[in-house]
Every structure is written in structure tokens, then in C-alpha cells.
Amino acid sequence: MAEEKNNQTSITEKGAQAANAVRGAVKTGKAIAGAAKGAAAGGPYGAVAGLVWGNRHLIGKIILVVVAIFLLPILFILMLPSLIFGGLVDAFTPDDPTVPILNDSAYITENVTDITNSVSDVLSEALEDVLKQIEQDYNNSTADQREIINPHENAPAYNANAFVSQFCASKNEDFESITFADMESTLRNAKGELYSFSKKEETRTREEITITVDSSTGKETSTSKTVTETWMVYTIVYNGEDYFADNVFHLDAEQKELANNYAKNLGMFLGDGMFQRLPNGYQAITSLGDIKFTNGKTEVVYFNQLDERYASKPYGTDDIGGYGCGPTAMAIVVSSLTEETVDPVEMAKWSYEHGYWASGNGSYHGLIPAAAKAWDLPVEGCGKDGGQKISDALSDGKLVVALMSKGHFTTSGHFIVLRGVENGKILVADPASYKKSEQTWDLSLIIDEAREGAAAGGPFWIIG
């Protein structure tokens, strides 16, 4: 008996050491991409999940022991918010109660879809509510007219990953209450805090023209007068995930760090936040000045994220030089296809304020269609089978944003702009390389290196 107890103690001590290593990895966000990609396929991951969930009354001891044997599977489980697997209890597929949802990618996708739709519904309801509040406020005022500035009308703030991660991080040891229904209830009960509005009163003048017709001659006479009116100008504000972290989920500093790491890893797991960053130690370049490419159907305004004017400027708590390819690509598109010039600093600010910045990870893929719609530009997602559609769009003067994976343009993930066709080859505007932007490229190479499984309709977005 004493020998058995000593053996258990030894295993537990080793497990505790491994658990501490796991905890440190989670806290510093050291994701293992291979583990994330292979998780839904089953194998040892499902075995560990089944063991943990099947003996959940001993979960603390089991994690300590099993983590020493299956470090990567437990590391993977701990690094993702458990809500996408249905929680940490009774998280088994309906078709077979012995198979953990972690083993079935179809059910994971179904869970993620349900969660995303739920967040979208709550956001829509919250936006409708704040519009009703504005309507009531205006009716109670003495103003003659009103204007509503709603930056979220075409591209609502949308970061389901953050809400899921904050909810799971808020539960601490109370893992049994991690359910989809509980999260939906929490969000719905607090939807009144998602949006708010500011208002200001303005005096505006307009010319009022009156036309009278002489009944006998049919001659028209116009007179004008200046009319002064009082306007109420309302601006809808998205309070953001940080507000929810503080005021709804009431996260402390450690929970916020955990939620942030959850969100990063969930984004990577779902293909919606691939690391879009330049290698550590990148160097800013001397200002390129004003550059326009004119050898395509459309004249393109070029920006470079490494330009000394932009590289050190903030993108959330990151910087544009290392993480700002998404905003820089959309700055190129918007400045080229509209009459407005929007530089990378302005676009990075817009992306951050509208929830498309992924901390330490670049941008959520939804930034591309959202920014296009916000600037009233038609946008259409396109898969890797759309080569002819891409070529035709470029020949028509449209621009195409492409999300690239490891290859000629990046070692991780990177947004570039396809800007035209020349002698059967593709012209690009690479936000991180002026040299590559002066070269021509085979469309087949670009399609081959484009991101598999991109979110938000990608990996190509036809704009214009």
C-alpha cells in the first residue's frame, strides 16, 4: 500500500510539473499549430478528452496525471475555449454518446455556427434597440431634423471569438456552467450595453425654393429663402469587447490574459486569425513618398506597412509594421477605388474600433469585406477555384485582395492586393514589399499559395 501511494505521489508530482509547464504556455500564448490543426481528427486527442470527461468527478487529479502522458493533447484542450466543444461536461455527439464532440469536426462546425449566429442575433437586436432609443430621444426633443451616424450599419462590430473566450475565462473552476445557452443568456441580458450613442445639437441652413405658375400665362416663377433648422446629430458607438470584459464578465487581469490567448488560438483553429505578421526584428524603410501604379486597368495608390510614416504607428496594442498588412491592403483598395485617400494609420484605427484587430495575430478575415462595405464598395468573396473570375475582374478594373499562406509572399500569413493583368501575368500591390509589387506573377502560383479554409468568403475578395 505504501509503495502504491508513493508511485501515485511520484506520478502526481511529475504531472504537476507538466501542468505548470502547460499553464505557462497557455499564459504566454505559445500555440502549437500542428496540434490545433489535427485536433478534430481524433486519435489521442479524443482519447484524452473522453478520459477527462468520462471521469469528470476526478478532473483535477486526472489532468495532473494525464498531462504527463499526453502533454500536447491536454495543452491543446486547455488552449481553446471549451464552449466550441459543447462545454467540459456531457460534451458528446448526439449520434454516439461515447464519442466526444472534440472528435467530430462536423459537430464542432455546427457548434461554432450556432454560437456565431447567436452573437450576430444579439448584436442585431442591440443595434435595433439603440435605434429605438434614438427615435424616442428625437421625438422628445424640439429639433426640426435628425441625422444618425451609424458606422455599424453595413459592417456591424463582430468578434464572436472574443465573447466566447471571455465567457469561458470568466468561469474559473465552475466549468459545469460553460454551456451555449448560458453564454447566450449572458449576452442577451447585457445587450443593452453593447451599443450606446452620443448626440449634439446643430444649427443648419438650407435654401428653400418655391415655384409658382401663372395660371393665365403658364409662366413659372421661382423664389428662394434661407431656412434655419435645428438638427440633432446622433452617433452610434460600439462599446467593444473590452467594455464587456470589464463590466459584463468582470474579468480580472489574469482572466483577461487567458481570454486573449483563448481568442488567438480559437482564431487559428477556425482559420479566422492566421498569424499575419512579419518576422521579429523587421526593419522600417525610408519613406517611399507618394506612389501610384499606372500599368494596370485601374490606377492604384500604393502604401507600404514598413514605411517609416506608418510602421511604428499602433494597430491595437501591436504596430502596423509587424501586423498591419490587412489595414494597409484595404487602405490601398479604398484610396484607389474611391475619391477618399485613407492611409494605413486611419484604416488600422477603423479596423481596431470595429473589432477586426486580432491581438498579436493580425486581422480577422472579416476586415476585408467589412471595410469594403463601409466605403460603399461592392465586394464578393471567391474561393481558390475562381481563377477565371479573378482574371476577368482584374481585366475589368476591379481589385482583388488575396490572403496568402507560406510561400513567395510570406512565411506565415499575409494580405496582398491583386491590381491588374499585364501580358497574361498578375500585377500585385504587396503591402510589405515594393520590390514584389513591381514584378509580375503567375495566377496559378498565387492561387496555389492562397490560404486554405479562409473565413469571411476568402481567400480572395473581388472589390469594385
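Remarks
- Those residues of region 116-130 which are in contact (Cβ under 8 Å) with a residue 60 or more places away in the chain and not polar (S, T, N, Q), in sequence order: V119, V122, L123, E125, A126, L127, D129, V130
- Inside region 190-224, residues that are closer than 30 Å to F249 by Cβ and either touching a His at 6+ places or on another chain (Cβ under 9 Å) or without any contact (Cβ under 8 Å) to a residue 60 or more places away in the chain (or both) make up a count of 4.
- Assessment of region 321-335 against the conditions (in the same structural domain as S444 (by TED's automatic domain parsing), among the aromatic types (F, W, Y), in contact with a helix residue (DSSP H, G or I) (Cβ under 7 Å, 6 or more places away or on another chain) and within 21 Å of E452 (Cα to Cα)) yields no matching residue.
- Among the residues of region 397-420, those identified as at pLDDT 95 or above and part of a loop (DSSP other than H, G, I, E, B) are G397, K398.
Listed here are the residues, each with its yes/no results for (1) assigned by TED's automatic domain parsing to the domain that holds K297; (2) closer than 27 Å to T116 by Cβ; (3) without any contact (Cβ under 8 Å) to a residue 40 or more places away in the chain.
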{"residue": "L377", "(1), (2), (3)": "yes, yes, no"}
{"residue": "C382", "(1), (2), (3)": "yes, yes, no"}
{"residue": "D392", "(1), (2), (3)": "yes, no, yes"}
{"residue": "S412", "(1), (2), (3)": "yes, yes, no"}
{"residue": "V417", "(1), (2), (3)": "yes, no, no"}
{"residue": "K436", "(1), (2), (3)": "yes, no, yes"}
{"residue": "T440", "(1), (2), (3)": "yes, no, yes"}
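- Of all residues making up region 175-223, the number that are surrounded by 10 or more Cβ atoms within 10 Å (Cβ to Cβ) and hydroxyl-bearing (S, T, Y): 8
- Selection from region 184-220 of residues that are of a type outside the set (G, A, S), touching a Phe, Trp or Tyr at 6+ places or on another chain (Cβ under 8 Å) and more than 15 Å from E241 (Cα to Cα): F197, K199, E201, E202, T203, R204
- G218 meets the conditions (1) assigned to a helix (DSSP H, G or I); (2) on the phi > 0 side of the Ramachandran plot in every case but one. The failed one is (1).
- Residue match in region 383-402 (condition: over 25 Å from V421 (Cα atoms) and surrounded by fewer than 21 Cβ atoms within 10 Å (Cβ to Cβ)): no
- Residues that are within 19 Å of A429 (Cβ to Cβ), modelled with pLDDT under 95 and surrounded by fewer than 24 Cβ atoms within 10 Å (Cβ to Cβ) within region 352-377 comprise just one, P369.
- Tally, over region 421-464, of residues that are closer than 17 Å to I390 by Cβ, of a type outside the set (D, E) and assigned to a helix (DSSP H, G or I): 5
- Test: Y234 is in contact with a Leu (Cβ under 8 Å, 6 or more places away or on another chain), surrounded by 11 or more Cβ atoms within 10 Å (Cβ to Cβ) and touching a residue at least 40 places away in the same chain (Cβ under 8 Å): no
- Within region 375-403, restricting attention to residues that are acidic (D, E) and under 27 Å from E339 (Cβ atoms), the residue that is nearest to the chain's Cα centre (by Cα) is E380.
- Just one of the listed residues (I462, I426, I416) is surrounded by fewer than 24 Cβ atoms within 10 Å (Cβ to Cβ), aliphatic (A, V, I, L, M) and either touching a Gly at 6+ places or on another chain (Cβ under 6 Å) or closer than 19 Å to E299 by Cβ (or both), namely I462.
The values are calculated or read from the model by the stated rules, or taken from the named source; none is laboratory data. All values derive from a computational prediction rather than experimental measurement. Cβ: placed from backbone, ideal geometry, glycine included. Neighbour counts: every protein chain shown.
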